[in-house]
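Data block below; observations after.
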Amino acid sequence: MFYEYPRLLWLLLIPALLVCKYVFDEIKGRRPHLRVSTLTPWTSGGKSVLGVLRHVPFALRVAALSLIVIAIARPRSSSKVEKIDTEGIDIALAMDVSTSMLARDFSPDRISAAKDIAIEFIAQRPTDRMSIVVFAGESYTQCPLTTDRATLINLMKEVSTDLLEDGTAIGNGLATAVARLKDSDAKSRVIILLTDGVNNSGEISPETAAEIAKTFGIRVYTIGVGANGEAPYPVMTPWGVQVQNVKVEIDEALLGEIAEATGGRYFRATDNTKLSEIYHEIGQMEKARTTIDSFPVYKEMFSYFAIAALVCLVLEALLKYVVLRKMP
């Protein structure tokens, strides 16, 4: 046990001085004031219980004062050692928000499923910093790197397909995500890029963006979203919105090249369950943990001394005002 404020222990001199004064007063008070021929009538009866108990309230008061001094000196115990796992990962979630993400081969549609599962992923990694990047025909940062889970989740909920000009600029989306991570000093920097289409717009090619990510040591996990073959898609017709089956086109070769070039991995998600499993698998692969074996766990001890002081004060009051009460 050690004390956070050890200098306060000098205050223990106060109860020590009180004890000295009390003893001195007791000795001085016992000097005889009356001369008698013999002390036999007083010595033969022995000491009464009340005569002994009259010193107890003072002893309790001194004990309470001493315990209070010890409590405010903040005693602490550090005998325990705990193993702590620290996460050193910065993650950028790059999400395709083109209108093709409204396809309903996921429940209720691709973008809603991607948002819900991304929110679960965010909530499950409280120690990582994360960023959200959205892209369609262009790209922008929805949320910079932060550990504020509430902000991340709220901004993820606001992601929609009408935020940007339509198209699929995979290179722009990847480059924006790299820009969010390039200055990070985290042990591991990761981009999770999710798209359901083929690159057809943007000023930066996906290959160039992948090379930039590789240069900065950023791993990219790519996810192709969409069922095999065809997928139901809401189409506006003269008779209103009708669901029609459209061909699913995902440039899996390109996504695989991006992942391989950066040390990541490509995944294909064909439904909600598979997408959730992919996020879980990426999370397991990216647990770059460092175990610290000598991290002390401090236990505050002041409450024990404070409670003991309170007990002493209560006992003193009971003895003084109940047991040893003087009749008027």
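When you look at ASP166, is it open to solvent by 30 Å² or more (accessible area, probe 1.4 Å), without any contact (Cβ under 8 Å) to a residue 12 or more places away in the chain and more than 11 Å from LEU93 (Cβ to Cβ), yes or no?
Numbers: open to solvent by 30 Å² or more (accessible area, probe 1.4 Å): yes; without any contact (Cβ under 8 Å) to a residue 12 or more places away in the chain: no; more than 11 Å from LEU93 (Cβ to Cβ): yes.
In short, no.
Among the residues of region 294-315, what is the count of those that are open to solvent by less than 60 Å² (accessible area, probe 1.4 Å) and modelled with pLDDT of 85 or more?
6
With respect to SER205, is the statement that it is modelled with pLDDT under 90 and not basic (Lys, Arg) true?
Values: modelled with pLDDT under 90: no; not basic (Lys, Arg): yes.
Judged against the criteria, SER205 is not a match.
Identify all residues within region 243-264 that are open to solvent by 50 Å² or more (accessible area, probe 1.4 Å) and among the aliphatic types (A, V, I, L, M); write none if there are none.
Hits for region 243-264 are VAL243, VAL246, ALA253.
Yes/no per residue for (1) in contact (Cβ under 8 Å) with a residue 60 or more places away in the chain; (2) open to solvent by 10 Å² or more (accessible area, probe 1.4 Å):
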{"position": "THR147", "(1), (2)": "no, yes"}
{"position": "LEU155", "(1), (2)": "no, yes"}
{"position": "SER160", "(1), (2)": "yes, yes"}
{"position": "ILE170", "(1), (2)": "yes, no"}
{"position": "THR176", "(1), (2)": "yes, yes"}
{"position": "ASP183", "(1), (2)": "no, yes"}
{"position": "LYS187", "(1), (2)": "yes, yes"}
{"position": "VAL190", "(1), (2)": "yes, no"}
{"position": "PRO206", "(1), (2)": "no, no"}
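So for region 267-282 (the condition being modelled with pLDDT under 90 and part of a loop (DSSP other than H, G, I, E, B)), does at least one residue qualify?
Scanning region 267-282, I find no residue that is modelled with pLDDT under 90 and part of a loop (DSSP other than H, G, I, E, B), so the answer is no.
Looking only at region 84-99, decide whether some residue is modelled with pLDDT of 65 or more, small (Gly, Ala, Ser) and open to solvent by 50 Å² or more (accessible area, probe 1.4 Å). Break it down stepwise before answering.
Residues of region 84-99 modelled with pLDDT of 65 or more: 88-99.
When the remaining residues are screened for being small (Gly, Ala, Ser), the result is 88, 92, 94, 98.
With open to solvent by 50 Å² or more (accessible area, probe 1.4 Å) added as a condition, the list becomes none.
There is no residue in region 84-99 that is modelled with pLDDT of 65 or more, small (Gly, Ala, Ser) and open to solvent by 50 Å² or more (accessible area, probe 1.4 Å).
Suppose we filter region 208-242 for residues that are open to solvent by less than 80 Å² (accessible area, probe 1.4 Å) and in contact (Cβ under 8 Å) with a residue 12 or more places away in the chain; how many remain?
Count: 22.
Take region 130-145 and flag every residue that is out of contact with any strand residue (DSSP E or B) (no Cβ under 9 Å at 6 or more places or on another chain) and open to solvent by less than 40 Å² (accessible area, probe 1.4 Å).
From region 130-145, those out of contact with any strand residue (DSSP E or B) (no Cβ under 9 Å at 6 or more places or on another chain) are 137-138; that's our starting set.
Within region 130-145, GLY137 is the sole residue that qualifies.
Does any residue in region 1-17 that is over 10 Å from LEU65 (Cβ atoms) come within less than 9 Å, Cβ to Cβ, of a residue that is open to solvent by 90 Å² or more (accessible area, probe 1.4 Å) and outside any helix (DSSP H, G or I) six or more places away or on a different chain, and which pairs are these?
MET1/SER79
Restricting region 192-204 to residues that are surrounded by 16 or more Cβ atoms within 10 Å (Cβ to Cβ) and of a type in the set (S, T, N, Q), which is farthest from the chain's Cα centre (by Cα)?
Filtering region 192-204 for residues that are surrounded by 16 or more Cβ atoms within 10 Å (Cβ to Cβ) and of a type in the set (S, T, N, Q), the one farthest from the chain's Cα centre (by Cα) comes out as SER201.
I'm trying to understand the selection: among the residues of region 86-105, which are closer than 17 Å to TYR140 by Cα and not in a loop (DSSP other than H, G, I, E, B)?
ILE91, ALA92, LEU93, ALA94, MET95, ASP96, THR99 - these are the residues of region 86-105 that are closer than 17 Å to TYR140 by Cα and not in a loop (DSSP other than H, G, I, E, B).
For region 166-252, list the strands (runs of 3 or more DSSP E) that sit wholly inside it and hold at least 3 residues that are over 23 Å from GLU277 (Cα atoms) and among the polar types (S, T, N, Q); which are they? Reasoning before the result, please.
Details: elements: 188-195, 219-225, 230-237, 240-247.
Counting at least 3 such residues, we get 240-247.
Please state which one of PRO126, PRO108 is assigned to a loop (DSSP other than H, G, I, E, B) and within 20 Å of the chain's Cα centre (by Cα).
Result of the check over PRO126, PRO108: PRO126.
The values are calculated or read from the model by the stated rules, or taken from the named source; none is laboratory data. Nothing here was measured: the structure is a model prediction, and the numbers come from that model. Here the Cβ is made from the backbone with ideal geometry for all residues, glycine too, and neighbour counts use every protein chain on show. The area values use the complete protein model at the heavy-atom level, side chains included, leaving out ligands, DNA and RNA. Shrake-Rupley method; radii C 1.70, N 1.55, O 1.52, S 1.80 Å.
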